Amino acid sequence: MFEAVLFDLDGTFADTAPDLGGALNVLLAEDGLPALPLATLRPHTSSGTRGMLRIGYGVTPDSNQFPELAKRFLTHYANALCVGSRLFPGIETLICALEAAGTPWGIVTNKPRRFTEPLVNALPLGSRAACVVSGDTTPNPKPAPDSLLFACQALNVSPARTLYVGDDLRDITAGKAAGMPTAAANWGYLGVDHPIETWGADWIVDTPEALLHVRLQNS
């Protein structure tokens with residue numbers, strides 16, 4: 001059995017697209033631009049502010065517009081951090097099964113701590129995480145392995161026996177760099193640039209409950 005299971009937050013543990021997308025649409029409205037449907041926004045959500053501003057405004061972090069837009073976007077997001085965000089179906093079943101087996105679990109995200117901690121605490125089960133590692137906990141966020149290795153150290157577990165679950169290529173790249181087995185969450189946002197089959201994950205799983213079978217194969 002795995003010594004621990006770690007989850008990405010946005011698009012893996014919780015569906016946060018309604019609130020991230022909502023913040024973008026408030027920003028667009030301020031600028032006299034039409035709102036974008038959630039279905040259009042969802043694939044970009046795992047990329048956070050970069051993803052939202054790319055789809056909403058067509059800007060990237062090297063654009064002169066980006067810093068001010070990002071500041072305004074994050075202000076709106078902070079004001080409605082957990083209004084529509086919910087755990088993905090099946091996550092509660094999975095977490096309860098892990099806890100029943102005595103397997104610690106945690107969250108490793110690129111979301112900054114000032115958003116991560118209040119969001120996790122507002123979500124069901126969030127306060128039960130054995131560790132929560134944010135994007136600014138370590139100097140280098142994913143796809144660097146630093147935050148995942150930090151989580152393993154905090155839990156006193158071996159990376160080689162710790163499963164990382166994520167819904168973005170960045171998650172799988174970080175997990176592999178940390179020497180961890182990885183599972184790609186096919187229920188998540190997945191991005192728009194690289195098909196999930198090309199990520200190199202050890203497993204592609206369609207539901208959180210399917211991870212219980214992944215664990216059994218490695219017990």
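Only Cα pairs under 8 Å and at least 6 apart count here; give the relative contact order of segment 17-80 as a rounded whole percent.
39 percent
Please work out how much length the chain gains when fully extended from Glu3 to Arg114, using 0.36 nm per residue of separation minus the C-alpha to C-alpha distance, in nm with one decimal.
37.1 nm
Quick one: order His76, His194 from most to least accessible surface, probe 1.4 Å.
His194, His76
Out of Asp15, Asp167, Asp31, any idea which swings most in a Gaussian network model of the chain, alpha carbons joined below 10 Å?
Asp31
Apply 1/(1 + (r/R0)^6) to the Cβ-Cβ distance of Val83 and Asp31, taking R0 = 25 Å, and write down the FRET efficiency to the nearest 0.05.
Efficiency, rounded to the nearest 0.05: 0.70.
Which whole-Hz ³J(HN,Hα) couplings does segment 16-32 yield from phi under the Karplus relation 6.51 cos²θ - 1.76 cosθ + 1.60, θ = phi - 60°, glycine and proline marked x?
Couplings: 9, 4, x, 7, 5, x, x, 5, 5, 5, 5, 5, 4, 4, 4, 9, x Hz.
Considering only C-alpha atoms, what is the centroid distance from segment 79-108 to segment 1-49, in Å?
Between the Cα centre of segment 79-108 and that of segment 1-49, the gap is 17 Å.
Which ³J(HN,Hα) values, rounded to whole Hz and listed in residue order, are derived for segment 171-187 from phi using the Karplus coefficients 6.51, -1.76 and 1.60 in 6.51 cos²θ - 1.76 cosθ + 1.60 with θ = phi - 60°, glycine and proline given as x?
5, 5, 4, 5, x, 5, 5, 7, x, 9, x, 10, 10, 8, 7, 6, 8
HN-Hα J couplings of segment 140-146 from phi, Karplus 6.51/-1.76/1.60, θ = phi - 60°, integer Hz, Gly and Pro as x?
Karplus-based 3J(HN,Hα) across segment 140-146 equals 10, x, 4, x, 5, x, 3 Hz.
Looking at the chain, send over the antiparallel percent of its DSSP beta bridges, to the nearest 5.
10 percent
Estimate the FRET efficiency between Ser127 and Glu209 by the formula 1/(1 + (r/R0)^6), using the beta-carbon distance for r and 22 Å for R0, to the nearest 0.05.
0.50
Report the residue, chosen from Pro89, Pro141, Pro34, that carries the largest GNM mean-square fluctuation when the chain is represented by alpha-carbon nodes joined by springs under 10 Å.
Pro34
Amide H of Ile204: which non-local residues (sequence gap of 5 or more, or other chain) have their own amide H closer than 5 Å, using H built in the peptide plane?
Close amide H contacts, sequence-distant or interchain: Ala184.
List the residues, sorted by chain then number, that are 5 or more residues from Phe7 or on another chain and whose placed amide H is less than 5 Å from its amide H.
The answer is Gly106, Ile107, Val108, Val165.
For Arg161 and Thr75, calculate 0.36 nm times their separation in residues minus their Cα-Cα distance, and state this gained length in nm to one decimal.
Taking Arg161 through Thr75 to full extension adds about 27.1 nm, to one decimal.
Could you compute how much accessible surface Met180 exposes when probed at 1.4 Å, giving the result in Å² to the nearest 10?
For Met180, the solvent-accessible surface is approximately 10 Å².
Using Cα-Cα distances under 8 Å and only pairs 6 or more residues apart, what relative contact order does segment 91-219 have, in percent?
Result for segment 91-219 is 19 percent.
The values are calculated or read from the model by the stated rules, or taken from the named source; none is laboratory data. This is a predicted model, so every value here is computed, not measured. Here Cβ is always computed from backbone atoms with ideal geometry, including for glycine, and neighbour counts include all displayed protein chains. Ligands, DNA and RNA are stripped out before the accessible areas are found, and what is left, the full protein with its side chains, is counted by its heavy atoms. Shrake-Rupley method; radii C 1.70, N 1.55, O 1.52, S 1.80 Å.
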